[in-house]
Every structure is written in structure tokens, then in C-alpha cells.
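Q: To start, I am sharing the structure in question, which I have written as C-alpha cells.
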Amino acid sequence: MDDYRQTSSEEQTDEHSGKKAKKQKEEKRKKAKKVPSWLVWGLSVLFLSFGLTVVFSFLTELVIDENSHAALCVVVLLVLLVLNISCDVLANSIISCKPEAFHAMASNKIKGARRAVAFCKNASKLGSIFADVIGDICGIVSGAAGAVLATIIAVNGGGWIKVAASILVSAVIGALTVGGKAIFKHFAIKYNKKIVFAFARFTTFFKREKVRK
């Protein structure tokens with residue numbers, strides 16, 4: 001009887017050890033297959049940047065070319081400038097805002113509050129998308145549109161006029177972009193809660209917010 005119990009105990013121990021070893025192998029296999037989160041995020045930003053650059057450049061090419069009127073180029077540049085600065089304002093507002101600011105509103109089931117909390121918790125990623133991805137793309141496309149505008153201005157002039165126009169247009173675009181971001185950064189931080197909440201409510205028109213019962 002004692003031999004049977006000893007044998008049974010040994011079998012259970014072996015079975016337990018086998019399960020433990022199998023579990024460890026599965027965990028190692030999962031860890032080996034798991035792609036680092038930083039790499040996934042980096043590749044996502046890479047493809048997103050590529051897609052948005054293609055879209056923005058294509059739309060810009062459809063609207064303006066060397067035969068376009070200078071006023072149309074100015075309008076396109078202003079739109080890109082406003083979009084660039086607006087995205088920078090959103091990025092600074094989300095990064096500087098704390099999720100605790102919306103907890104009470106979320107508990108009272110105010111529309112957009114839970115979305116605002118989610119934005120604040122993912123501030124680094126959203127800030128990177130708005131400020132780095134969209135902002136940089138707007139800057140690149142603005143440069144291309146500015147080159148077209150400079151060509152239109154200098155079409156009837158000599159070589160030095162073309163160079164001067166190119167330098168002047170680039171300088172104006174750069175000054176308005178950097179200066180606009182510097183000016184509105186103060187308001188982005190001061191009114192971060194209002195800006196984030198307004199943007200969160202705006203997004204609910206496109207995707208409904210999940211409401212806890």
C-alpha cells in the first residue's frame with residue numbers, strides 16, 4: 001500500500017513538473033514571438049506618415065500648379081498653416097492636460113468626457129501624431145506649395161527675382177509657422193481642458209462614445 005502511494009505521488013510530481021515545463025516553454029515561445037511595442041508604434045507612425053504625405057501632396061497637386069493663380073496658392077498655404085498650428089495646439093493641450101480633470105464629468109456621463117480621459121491617458125502618442133506627423137507633413141507640403149508660388153511670382157522676372165521670391169516666400173512661411181506655434185502655445189496650455197474637451201466632443205460626431213451603464 002505504501003509502495004502504491006509512493007508511486008502515485010511520484011507520478012503526480014512528474015505530471016506537475018511536466019506541466020510546469022510545458023508552460024515555461026509556451027511562455028518563452030510567446031515572448032520570443034512578441035514584437036516590441038516601440039517597434040510596432042514606430043512602424044505605425046512610418047506608414048501613417050507615408051499615407052498622409054501622399055494624400056496631402058496629391059490634393060495640393062490637384063489644386064495648384066505652375067499655371068495656377070497666385071491667390072489660390074496663398075489660400076492653400078494659409079489652410080496648411082492653420083492646420084499645422086491647430087495640430088500643434090491640440091498636441092500641447094493634450095500633453096499638458098491631466099485625465100483627473102475629466103473624471104467627475106465622466107462619472108456624470110457628460111458627452112465627450114470619457115473620450116477626453118482616453119486622450120489624456122494616451123497623450124504621448126496623440127501628441128506625436130498631431131505635432132510630429134501631421135505638423136511635419138503640413139510643413140513639407142507648405143514648402144512645395146511655396147515653391148510653386150515663388151515660381152508664379154517670378155515667371156515674368158529674371159533669375160535674381162526668382163531667387164529673391166523663393167527666399168522671401170520660404171522666410172514668410174517659416175516665420176508664420178514658428179511664430180504662430182509660439183504664440184498659440186500659451187493659450188494651448190492655459191485653456192488645455194477646454195480645448196481637449198471640445199475636441200473630444202467633436203470626435204463623438206464621427207464615432208460614438210461607449211457609455212457605461
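Nothing in this text is a laboratory measurement; each read-out follows from the coordinates by a stated rule. Just so it is clear, the model here is predicted, and its values are computed rather than measured. Cβ sites come from the backbone with ideal geometry, for glycine too, and all protein chains shown count toward neighbours.
Q: Mind checking the full-extension length gain between residue 164 and residue 125? Use 0.36 nm per residue of separation minus the Cα-Cα distance, one decimal, nm.
A: In short, 10.1 nm is gained.
Q: Taking neighbour Cβ counts within 10 Å as the exposure measure, how do 83, 46 sort from fewest upward?
A: Fewest to most other Cβ atoms nearby, the residues stand as 46, 83.
Q: Test of understanding: what is the full-extension gain from residue 111 to residue 37, defined as 0.36 nm times their sequence separation minus their Cα-Cα distance? Numbers along the way, then the final one.
A: On the way: separation 74, 0.36 × 74 = 26.64 nm, distance 3.12 nm.
So the chain would gain 23.5 nm between residue 111 and residue 37.
Q: Quickly work out the residue 184-to-residue 155 label distance, labels modelled 7 Å from Cα along the C-beta direction, and quote it in nm with one decimal.
A: Reported label-point gap for residue 155 and residue 184 is 3.1 nm.
Q: Of 111/190; 111/181; 109/185; 98/185; 121/194, which pairs sit farther than 27 Å apart, going by alpha carbon to alpha carbon? Spell out each step's value before the answer.
A: Numbers: 111/190 22 Å; 111/181 29 Å; 109/185 30 Å; 98/185 17 Å; 121/194 16 Å.
In this structure, 111/181; 109/185 lie more than 27 Å apart at Cα.
Q: Among 206, 146, 168, which residue has its Cα positioned farthest towards the positive end of the charge dipole of the stretch 86-213, with +1 placed on the Cβ of Lys and Arg, -1 on the Cβ of Asp and Glu, and the dipole taken about the Cα centre?
A: 206
Q: Can I ask one more? Taking neighbour Cβ counts within 10 Å as the exposure measure, how do 167, 134 sort from fewest upward? Kindly include the intermediate steps, with their values, before the conclusion.
A: On the way: 167 11, 134 22.
Listed from fewest to most nearby Cβ atoms, that is 167, 134.
Q: Could I ask something else about it? Be a star and scan the stretch 164-207 for residues whose amide nitrogen sits under 15 Å from the point 7 Å along the Cα-to-Cβ vector of residue 104.
A: 193-194
Q: Can you tally the net charge around residue 139? Count Lys and Arg as +1, Asp and Glu as -1, for every other residue whose Cβ sits under 13 Å from the Cβ of residue 139.
A: Details: positive: 181; negative: 88, 132, 136.
Surrounding charge for residue 139 is -2.
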